[in-house]
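Before any comments, here is the structure.
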Amino acid sequence: MAAQIIDGVALSRQIRQQLAVRAAALTARGHTPGLAVILVGDDPASAVYVRNKVKACEEYGLHSRLERYGADLSERELLARIEALNEDAAIDGILVQMPLPRHIDPQKVIAAIAVHKDVDGFSVLSAGELASGLPGLRPCTPWGCMKLIESTGQSLRGKHAVVIGRSNTVGKPMALLLLQAHATVTICHSATPDLAVHTRQADIVVAAVGRRHTLKAGMVKAGAIVIDVGINRDEAGKLCGDVDFAEVSREAGWITPGPGGVGPMTITMLLSNTVEAAERGHR
């Protein structure tokens, strides 16, 4: 029996409509949620990502401020600009688009963003809030994955979840979010000797390792929830994920497609974090 498709486009649209209502309520009280996006350099992919984020803000009632700088911007100048935005009452969220030019330390930049405006959820302080179970702004991609899992209607309590990948941006926070939902979590990675031993036992598999078709036929149990975070290209240059969708969809119970699964949710959760930050700051 074929898996049910977890439609990230439809879920994203539903959540964005809810966010628009919350943003309108804030605007009616005198404060429009504001997101500042900083782009340094001329990386084409970054320009596309930034344009999509700004467009989403405008469509759903948020104020966006795009700041573009040349690749010769100094680290000190960028840090000074972030400090100014930290103090700007009109701005609730600050996002610095990665990658940055080589002369700028991304960790310094992320650390400079005030934790209550860290809508990417990447800072050490944001990570600490997540690890400690404190309220805070969650990393957008894993938070979006949790919403996709929740949309299946399946309880995570006591379920076995396997996260493939241990990055600071997806793998580690994904595991922590699953733990908070009372799942039993296993983290696998490039040094895990027999990945299938773990994934065959899992009720939920989140593939976020960045390697095409890491999860193949025979590696998931019947009825599992499979979330594909990976973005890769095949030999023909076509976008594909970490999961062999055609094969695994015959075995899983629920599965995200690629594209149209996790991708739409990442920007949606960025908007969600911005609205959340605005609500906290203007109660």
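The values are calculated or read from the model by the stated rules, or taken from the named source; none is laboratory data. Not measured: the values here are computed from a predicted model. Note: ideal-geometry Cβ built from the backbone for every residue, glycine included; neighbour counts use all protein chains shown.
The helices (runs of 4 or more DSSP H) falling completely within the stretch 175-283 that include 1 or more residues that are closer than 30 Å to PRO135 by Cβ and of a type in the set (S, T, N, Q) map to 263-281. Could you check the stretch 249-282 and list, in sequence order, the residues that are of a type in the set (Gly, Ala, Ser) and over 10 Å from the mean Cα position of the chain (by Cα)? Within the stretch 249-282, SER249, ALA252, GLY253, GLY258, GLY260, GLY261, SER272, ALA277, ALA278, GLY281 meet the criteria.
For the stretch 262-279, the criterion of a residue being surrounded by fewer than 16 Cβ atoms within 10 Å (Cβ to Cβ), more than 13 Å from ILE164 (Cβ to Cβ) and at pLDDT below 95 is satisfied by no position.
Residues of the stretch 189-207 that are without any contact (Cβ under 8 Å) to a residue 60 or more places away in the chain and aliphatic (A, V, I, L, M): ALA191, LEU195, ALA196, VAL197, ALA202, ILE204, VAL205, ALA207.
Could you list all residues from the stretch 128-146 that are under 19 Å from ALA208 (Cβ atoms) and surrounded by fewer than 20 Cβ atoms within 10 Å (Cβ to Cβ)?
Passing the criteria: only ALA131.
The condition of being crowded, with 21+ Cβ neighbours inside 10 Å and either of a type in the set (Gly, Ala, Ser) or over 14 Å from the mean Cα position of the chain (by Cα) (or both) holds for only one of ALA161, ALA196, ALA181, that being ALA161. The single residue among LEU35, LEU26, LEU95, LEU39 that is in contact with a Cys (Cβ under 8 Å, 6 or more places away or on another chain) and surrounded by 17 or more Cβ atoms within 10 Å (Cβ to Cβ) turns out to be LEU35.
Look through ALA236, ALA224, ALA246 and report the one residue that is within 22 Å of LYS172 (Cβ to Cβ) and in the same structural domain as HIS182 (by TED's automatic domain parsing). Outline the logic, then answer.
Numbers: ALA236 fails: within 22 Å of LYS172 (Cβ to Cβ); ALA246 fails: within 22 Å of LYS172 (Cβ to Cβ).
Unique residue meeting the criteria: ALA224.
Do we find that LEU270 is of a type outside the set (Val, Ile, Thr), under 23 Å from ALA10 (Cα atoms) and in contact with a Pro (Cβ under 7 Å, 6 or more places away or on another chain) in this structure? So LEU270 fails the test.
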